[in-house]
Structures are given as structure tokens and as C-alpha cells.
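K.L.:
Provided herewith is a single structure, encoded as C-alpha cells, for subsequent inquiry.
The values are calculated or read from the model by the stated rules, or taken from the named source; none is laboratory data. Note that the structure is predicted; figures quoted are calculated from it, not measured. In this analysis, Cβ positions are derived from the backbone assuming ideal geometry, glycine residues included, and neighbour counts consider all displayed protein chains. Calculation scope for accessible area: heavy atoms of the full protein, side chains included, ligands and nucleic acids excluded. Shrake-Rupley method; radii C 1.70, N 1.55, O 1.52, S 1.80 Å.
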Amino acid sequence: MAEAKKSTEIGLGKAALICNMPAKERLAFIAEGLPILFESARGLAAAAQALQAFPREAEILERQCSEECAKMLILVDLIRCPPKKVAARVGSMMKWFYDHLARLIYAEAQDWRPMTAAQLQEYIDDQRQSHYLEGDYGEYVMENWALFQRESALYADVFADENGTGSWYGPSQDRVRFAGFLPSCFRVVDALEAFGVLSREGLKILGEVWGEYDVAGEVEWRLTRDLYSPLVKRLTQAGLITERASEEHARAMGDTWQLPMYNMDFAKISVSLETLRERQDALYPYGG
């Protein structure tokens, strides 16, 4: 690995180093990091489960858990990416690794069931709008919901409405959570760990099974299910599947795990107030 040339190259937040690694070194480096990320996610999930009497605090921990899982899934998708496309996609993917919105969408996407990769991008597009309309008649302008939920759980802050009027917004303990349920993104990474996919050899097998397919356009979601058996067969032959692997883990890998998203666009779409006003008029043209 190249020696740092200046002080700003030293410290946390340097996953971009992965971009310039040779393929074998990159795989080994990711294999080293995934168990560390998994332990971080598992600890946050356990803590969230233990704080059911404090919904806001539990939600913060659960969202942090989801973002750690998203970082894992981004790295795993880099392994699933066809080798010939890695150089073109790795830069964007390492930006997603640190982008809150991209990570939140990545985590939420594990609950979606698009028919094709193209439809998956449409779902992502809906979630990456900077602002949207809320209310029975679209009378309220709100910022991106995923980011709003994240920030409003973390902080008390000043909120401004579409008229520029400011008010205080404080985190509430009356937040709606599905107590006791782990997020789908955690169930997916837990399954990958149980089946040995997160090991160096497991990642090599994963890349060989998935790397033949460029997931874009009209590639269907069922590819995840179709590749489950050949992947598990090779993991079994390599002796990588752990004793804790269960039917629930198998369902998470075969039925919940989303298509690789290395070809997707996660950049926030800026929506102007003028555009939102036009949408309001279209929704409720006779408003007073």
C-alpha cells in the first residue's frame, strides 16, 4: 500500500484506498474488514434490542446498525461486480460507503421486491429526492424522509417550513418502531456470515458465481434465487458454512438479499421549491 504523502491522508474515512488496490489485495482487505463491520452491527443490534423502553435511543442504534450493514453490503456488491466493471464502479461505491442517504437506501432496499434492475433504480429514485410533498393534498413540503428520520432521531434542531417559518423540533419518545424485529439488512449480513460468505475464500467464491452477470436493465430479481443453490453448493464443498447456519439464514440469502446495486445511482436528486409548487397545483388545482 502506498505511503501517505500528506497529513490529510492519515486517519479515518479512507475507504477510497480500496479503489487503487489490485484485485487480490482488495479481496483480502475486504475479507479482513467485513468481520469487523459485522461485529459492530451485531453489537448495535443487541443494544437496540435491550433498549425497548427507550424508543428514540433504540431507533438511533438500529439505524446505526443498518448503516453498518449497508457498508458491508456495498463491499459485498463490489465483490459481486463483474471484474471488467470494477474499475469503473469502485470510486462511486466507496463514496456510497460514507454517504448517509446512500447507506440508508441500501439498507432499506433489502425489503424491496422489484421485478428487474431497472425497476430497482426507479425505487431508488423515489427515495433519493431532496424534498417531497406530504399531507392529504400535498400541502406540506418535506425534506428527504430517510435523512429527516435519521437527523430528527439524533438531534433537537430548528425546523423551517416552506414559508421560511422556523420552529423547534425535538426528538420524541413516541416514535413508531417494530419492537423486537431486526432490520432486513442485518438478517442478510447475518446470513452471509453464517454461510461463510464473508471469509476470504467465501468472497472469492461469491465473486466467481456472481461475477459472470452484469446486473442492469431488464435483469430480473429472481437471479438472486437462481444463484442461491450454486453458491451454497460451492460454499458447502469448501467447508465454509458454519454450524449456526439455519433455515432462516437460507431464506434471507435466497429471498431477502437484494440484487447487486453496483450499477445504480444513489446521488441525491435536488428538487426545487418551484417544482414542488407545480406538483402541489397538479394535485389540488382548486386549493384555496
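K.L.:
Take Leu276 and tell me if it is in a helix (DSSP H, G or I), at pLDDT below 95 and surrounded by 17 or more Cβ atoms within 10 Å (Cβ to Cβ).
P.N.:
So Leu276 fits the description; yes.
K.L.:
Something else: Taking helices (runs of 4 or more DSSP H) that do not extend beyond region 139-225, which have at least 3 residues that are at pLDDT below 95 and open to solvent by less than 20 Å² (accessible area, probe 1.4 Å)?
P.N.:
Helices (runs of 4 or more DSSP H) meeting the threshold: 145-154.
K.L.:
For region 239-258, which residues satisfy the criterion of being touching a helix residue (DSSP H, G or I) at 6+ places or on another chain (Cβ under 6 Å) and open to solvent by less than 50 Å² (accessible area, probe 1.4 Å)? Walk me through it before giving the result.
P.N.:
To start, the set of residues in region 239-258 that are touching a helix residue (DSSP H, G or I) at 6+ places or on another chain (Cβ under 6 Å) comprises 240-242, 244-245, 249, 252-254, 256-258.
Within region 239-258, Leu240, Ala245, His249, Ala252, Met253, Gly254, Thr256, Trp257, Gln258 meet the criteria.
K.L.:
Are any residues in region 226-273 touching a strand residue (DSSP E or B) at 6+ places or on another chain (Cβ under 7 Å) and in a loop (DSSP other than H, G, I, E, B), and if so, which ones?
P.N.:
Val271 - this is the single residue of region 226-273 that is touching a strand residue (DSSP E or B) at 6+ places or on another chain (Cβ under 7 Å) and in a loop (DSSP other than H, G, I, E, B).
K.L.:
Taking region 107-118, which residues are part of a helix (DSSP H, G or I) and open to solvent by 50 Å² or more (accessible area, probe 1.4 Å)?
P.N.:
If the condition is that a residue be part of a helix (DSSP H, G or I) and open to solvent by 50 Å² or more (accessible area, probe 1.4 Å), then Glu108, Asp111 are the ones that fit.
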